[in-house]
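Below is one structure, written out as structure tokens, with a few remarks after it.
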Amino acid sequence: MSFSTDAKNEILRAVSGKKCCKTAYAVGLIFGAETDGHDKFIFSDKNEFVAHAAHKAAISAFGHDASPHGARENGKAYDLAIESRELYTVLDGIRKNGLKKTLFHCSECAIAFLRGLFISSASVTDPDKQYHLEFNIKDLKLASATYLALTEMFAPPTLINRKNGVGLVYKSSSTIEDILSVIGANNAYFALVNGKIEREIRNNENRATNCETRNIAASVDAAAKQIEAIEILKATDKYDSLPPQLKETAEMRLLYPSLPLSELAAKFAPPLTKSGLNNRLKKILELAN
């Protein structure tokens with residue numbers, strides 16, 4: 001099963017108690033349905049259980065007025081048609097007046113609606129791949145009402161025109177976490193948070209490794225230039241005329257050609273500071289040029 005399906009199955013078990021919340025939940029589910037423009041809604045989902053959950057929620061909210069019109073296998077999807085004049089009236093009110101005025105009658109209604117909307121219309125990508133949560137709504141006016149509600153609850157989603165509707169998209173991991181937490185998809189929420197932590201740890205380790213690699217490469221390159229300068233001095237009379245400190249430094253560099261400055265400085269008796277050794281090597285480079 002996909003990450004998205006697991007999250008939907010998790011919140012399908014949640015129950016809304018109040019009548020207004022049951023209505024909000026059912027309406028959220030129906031947002032993912034096709035409509036004939038009157039009172040018939042065709043809910044299509046790959047999961048037959050989800051399709052029947054939508055019908056059960058419609059019955060719970062609108063009584064037997066929300067009667068099943070027909071159910072059928074449609075390729076890889078399962079179609080369930082629902083007829084309800086009352087449900088159509090509610091959706092028409094949302095198109096005209098928005099979700100807040102028409103549907104949200106208590107503090108829990110918005111969450112119940114969002115839970116239904118997520119089940120019917122959302123797809124969320126596995127956090128191991130990327131952060132992407134999208135609500136796909138077929139009706140333009142219902143998509144507009146949803147945009148305003150989501151903006152008030154979380155942050156403005158990005159609007160994308162799709163062939164089969166409007167996509168309301170979030171790519172911020174923190175916003176996706178908030179949505180999963182609010183609707184009660186706790187397992188999905190913790191999977192996303194843990195995945196983000198693991199990714200940050202891997203990124204930090206990679207950054208540290210890359211930084212160390214760059215430092216090693218720079219150290220090797222510097223040592224090669226120092227050895228080249230010493231060889232140039234040896235090929236001339238300049239080497240024999242070097243001050244004792246510089247000659248000692250040249251001999252130590254040739255003896256330990258791969259050591260970084262801090263370790264090479266410790267080989268002197270008494271040990272040198274890293275900056276002191278660096279100054280000596282700079283003088284050798286200058287004399288060789």
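Name the one entry in Ile216, Ile183, Ile230 that is open to solvent by 70 Å² or more (accessible area, probe 1.4 Å) and either within 41 Å of the chain's Cα centre (by Cα) or of a type in the set (A, V, I, L, M) (or both). Working first, answer last.
Details: Ile183 fails: open to solvent by 70 Å² or more (accessible area, probe 1.4 Å); Ile230 fails: open to solvent by 70 Å² or more (accessible area, probe 1.4 Å).
Result: Ile216 is the single residue among Ile216, Ile183, Ile230 that is open to solvent by 70 Å² or more (accessible area, probe 1.4 Å) and either within 41 Å of the chain's Cα centre (by Cα) or of a type in the set (A, V, I, L, M) (or both).
Looking at region 121-131 only, could you name the residues that are open to solvent by less than 30 Å² (accessible area, probe 1.4 Å) and either within 27 Å of Gly93 (Cβ to Cβ) or part of a loop (DSSP other than H, G, I, E, B) (or both)? Write out each step before concluding.
Applying the first criterion (open to solvent by less than 30 Å² (accessible area, probe 1.4 Å)) to region 121-131 yields 121-122, 124, 127.
Ser121, Ala122, Pro127 - these are the residues of region 121-131 that are open to solvent by less than 30 Å² (accessible area, probe 1.4 Å) and either within 27 Å of Gly93 (Cβ to Cβ) or part of a loop (DSSP other than H, G, I, E, B) (or both).
Do we find a residue being open to solvent by less than 10 Å² (accessible area, probe 1.4 Å), among the small types (Gly, Ala, Ser) and outside any helix (DSSP H, G or I) anywhere in region 135-143?
no
With the requirement that a residue be in a loop (DSSP other than H, G, I, E, B), at pLDDT 65 or above and among the basic types (Lys, Arg), what does region 1-51 give you?
Hits for region 1-51 are Arg13, Lys18.
Which residue, of His64, His55, is part of a helix (DSSP H, G or I) and modelled with pLDDT under 65?
Working: His55 fails: modelled with pLDDT under 65.
After applying the criteria, what remains is His64.
Yes/no matrix, rows are residues, columns are (1) open to solvent by 60 Å² or more (accessible area, probe 1.4 Å); (2) more than 22 Å from Cys21 (Cα to Cα):
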{"position": "Ile119", "(1), (2)": "no, no"}
{"position": "Glu152", "(1), (2)": "yes, no"}
{"position": "Arg162", "(1), (2)": "yes, yes"}
{"position": "Gly165", "(1), (2)": "no, yes"}
{"position": "Ser173", "(1), (2)": "no, yes"}
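Can you tell which of Asn289, Asn278 is among the polar types (S, T, N, Q) and within 47 Å of the chain's Cα centre (by Cα)?
Numbers: Asn289 fails: within 47 Å of the chain's Cα centre (by Cα).
That would be Asn278, the only listed residue that is among the polar types (S, T, N, Q) and within 47 Å of the chain's Cα centre (by Cα).
Is there a residue being at pLDDT below 90, assigned to a strand (DSSP E or B) and either farther than 24 Å from Asn9 by Cα or open to solvent by 50 Å² or more (accessible area, probe 1.4 Å) (or both) anywhere in region 91-114?
No: zero hits.
What single numbered condition from (1) hydroxyl-bearing (Ser, Thr, Tyr); (2) open to solvent by 80 Å² or more (accessible area, probe 1.4 Å); (3) under 30 Å from Ala24 (Cα atoms) fails to hold for Tyr189?
(2)
Only one residue in Ile137, Ile119, Ile183, Ile176 is in contact (Cβ under 8 Å) with a residue 12 or more places away in the chain, among the β-branched types (Val, Ile, Thr), closer than 21 Å to Ala53 by Cα and touching a strand residue (DSSP E or B) at 6+ places or on another chain (Cβ under 7 Å), so which one is that? Full working, then the answer.
Details: Ile119 fails: touching a strand residue (DSSP E or B) at 6+ places or on another chain (Cβ under 7 Å); Ile183 fails: touching a strand residue (DSSP E or B) at 6+ places or on another chain (Cβ under 7 Å); Ile176 fails: closer than 21 Å to Ala53 by Cα.
Only one candidate qualifies: Ile137.
The values are calculated or read from the model by the stated rules, or taken from the named source; none is laboratory data. In this text, all values refer to a predicted model and were calculated from it rather than measured experimentally. Positions of Cβ are generated from backbone atoms using ideal geometry, with glycine treated the same way; all protein chains shown enter the neighbour counts. Note: accessible area is taken over every heavy atom of the protein model, side chains too, but ligands, DNA and RNA are not part of it. Shrake-Rupley method; radii C 1.70, N 1.55, O 1.52, S 1.80 Å.
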